[in-house]
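Data block below; observations after.
The values are calculated or read from the model by the stated rules, or taken from the named source; none is laboratory data. Bear in mind the structure is a predicted one, so any value in this text is a computation, not a measurement. Glycine also receives a Cβ, built like all others from the backbone with ideal geometry; neighbour counts cover every protein chain displayed. Just the protein is used for accessible areas: all its heavy atoms, side chains included, with ligands, DNA and RNA removed. Shrake-Rupley method; radii C 1.70, N 1.55, O 1.52, S 1.80 Å.
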Amino acid sequence: MHHRILHILGTARSEGAGIAGIVEALASKLDRNRYALEACFLAGDGPLAAELVRAGARVSILNWKH
C-alpha cells in the first residue's frame with residue numbers, strides 16, 4: 001500500500017529553491033515501496049520541477065491565476 005504525500009509549492013523557478021530543497025530531500029530518502037511523493041507547482045515551469053523528478057517525485061505544473 002502506497003501512502004501518497006502531496007506538496008503544493010509556489011514556483012518551480014529558482015526563487016522557490018528553499019522549500020523545494022526540503023521536498024527534494026524527502027523524495028530522495030523515502031521508501032518508494034511505501035510512499036509516493038507528488039509536488040504541484042502553482043506558478044509555472046522551471047528547473048526545480050526537473051530536480052524533483054530526478055529525486056523521485058511525480059510533478060505537475062499549474063498556471064494558477066490569482
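Quick notes on this structure:
- Acute angle (nearest 10 degrees) that the helix 17-29 long axis makes with the longest principal axis of the chain, alpha-carbon atoms: 20
- Here the accessible area of the chain is 57 percent carbon and sulfur, with a 1.4 angstrom probe and all protein chains present.
- Heavy atoms of the protein chains alone define the surface here; on that basis the chain has 67 Å² accessible area per residue at 1.4 Å probe size.
- Value of [θ]222 nm, deg cm²/dmol, for the chain, DSSP H segments ≥ 4, -39500 (n - 2.57) each, nearest 500: -10000 deg cm²/dmol
- Annotation: peptides 25-34, 48-57, ranked by per-residue average of other Cβ atoms within 10 Å with the highest first, follow the order 48-57, 25-34.
- Label zone at Lys29 (point 7 Å along Cα-to-Cβ), backbone N below 16 Å, the stretch 1-23: 19-23
- Working from the Cα coordinates of the chain, the gyration tensor eigenvalues give, after taking √(5λ), semi-axes of 20, 12, 8 Å in decreasing order.
- Length-normalised contact order of the chain in % [C-alpha pairs under 8 Å, at least 6 apart]: 40
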